[in-house]
Amino acid sequence: MEREPVLVQPQDEEEHVLHMWEPLSFSVGQDYDYWRQSLLCRFGTGLLRCLVFVLLSVYNFVTLGMKIDGKENLKALKGRGAVTVCNHIHPMDCTMIDLAVFPRRIHYVTLDTNFRIPLVRHLIRWLGAVPLSHSPHQIAQLFEAMGEAMDDGVLVQVYPEGVLIPYSPALRKFKGGAFRLAADHGAPVVPMVITQEPPAGLFRLYKKKPCLHLHILPAIDPDPTLSRRAAAAALRDQCIQAMEARMKQ
């Protein structure tokens with residue numbers, strides 16, 4: 001019998017989930033602009049990301065003890081589009097990913113409920129977030145748009161755990177969408193994993209929470225000899241194994 005990954009823990013998605021204030025209405029229309037290819041959108045996003053890069057490089061280091069390693073694994077893609085996956089344990093972990101991949105263009109697949117948060121919804125959209133709704137038709141449109149983006153060399157970030165559980169000590173059950181997206185488009189998956197380290201040095205003076213370190217692991221290509229479904233399942237298992245191995249170090 002195949003061994004169940006020891007660090008993957010099935011968990012009730014409603015348990016310990018961080019709930020945000022979502023007073024506004026939002027729905028994904030039939031003509032929603034996922035890719036945002038206009039010159040104004042690309043210029044605005046680029047300018048905002050430059051500003052955010054400067055501010056968050058300092059903020060994340062001071063408040064989260066952020067450290068990033070493995071950037072050479074992104075350079076090895078040589079401009080190819082890819083799906084990136086990561087465990088989801090902090091509201092700011094998406095900013096860690098953005099700092100890691102900057103200046104490469106990236107889209108973040110996020111729950112459409114995040115587009116109901118005042119101010120935040122505009123900020124995340126300009127930073128590359130795209131809404132994931134519950135409509136099968138709109139999910140298909142989203143995946144088609146993200147596939148086109150990857151074909152153009154863009155990165156697409158998906159959290160396969162689905163929901164945020166702050167400081168979760170272990171990987172949770174992975175959904176298959178990210179890996180199916182990669183397999184359908186023959187794109188690699190870049191696994192990333194955030195580990196939690198005890199505060200050291202000056203961080204011990206003011207940090208009670210662990211320091212967060214983002215590790216970018218080598219890209220994994222789908223197996224072209226397998227069916228798309230089987231290739232997606234293999235990608236998921238390989239990513240889990242790679243992320244588990246890094247967490248154990």
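Each reported figure results from applying straightforward, stated rules to the coordinates on display, with no laboratory input. These figures come from a predicted structure and were not determined experimentally. Ideal geometry is used to build each Cβ from the backbone, glycine not excepted, and the neighbour counts take in all protein chains shown.
Determine, for 235, 202, the number of other Cβ atoms within 10 Å of each Cβ, and report the residues in order from fewest to most.
202, 235
May I ask you to compute the full-extension gain from residue 126 to residue 206, defined as 0.36 nm times their residue separation minus their alpha-carbon distance, rounded to one decimal in nm?
25.5 nm
With a ≥ b ≥ c taken as the square roots of the eigenvalues of the C-alpha gyration tensor of the range 91-196, please select rounded if a/c is under 1.5 and otherwise prolate if a/b is larger than b/c or oblate if it is not?
Rounded.
Ranked by Cβ crowding within 10 angstrom, fewest neighbours first, how are 94, 41, 50, 86 ordered?
Fewest to most other Cβ atoms nearby, the residues stand as 50, 41, 94, 86.
Taking R0 as 35 Å, what's the FRET efficiency between residue 33 and residue 228 from their Cβ-Cβ distance, rounded to 0.05?
E(calc), rounded to 0.05, equals 0.80.
Identify, among 226, 179, 79, the residue whose Cα sits farthest towards the positive end of the charge dipole of the chain, taking +1 on the Cβ of Lys and Arg and -1 on the Cβ of Asp and Glu, with the dipole about the Cα centre.
Result: 79.
Using Cα pairs under 8 angstrom and six or more residues apart, how large is the relative contact order of the chain, in percent?
Relative contact order of the chain: 28 percent.
Name all residues of the range 187-226 having a backbone nitrogen under 18 Å from the label point set 7 Å from the Cα of residue 57 along its Cα→Cβ direction, giving them as ranges.
The answer is 214, whose backbone nitrogens lie closer than 18 Å to the label point.
What spacing in nm lies between the two simple spin-label points modelled at residue 92 and residue 144, each 7 Å away from Cα in the Cβ direction?
Going by the 7 Å Cα→Cβ label model, 3.9 nm.
Taking H placed 1.01 Å from N in the peptide plane, check which residues at least 5 places from residue 110 or on another chain put their amide H under 5 Å from its amide H.
Residues meeting the amide H criterion: 130, 132.
Can you compute 3J(HN,Hα) from phi for each residue in the range 134-141, using the Karplus curve 6.51 cos²θ - 1.76 cosθ + 1.60 with θ = phi - 60°, rounded to whole Hz and x for Gly and Pro?
8, 7, x, 5, 6, 5, 4, 5
For Kirkwood radius over Cα pairs in Å, the listed values are [x] 18.7; [y] 17.9; [z] 19.8; which was obtained by calculation from the structure presented?
[x]
Helix-only mean residue ellipticity at 222 nm, the chain, DSSP H runs n ≥ 4 weighted -39,500 (n - 2.57), per residue, nearest 500. What is it?
Using -39500 (n - 2.57) per qualifying helix, the result is -11500 deg cm²/dmol.
Give the separation of the Cα centroids, the range 67-90 to the range 164-192, in Å.
12
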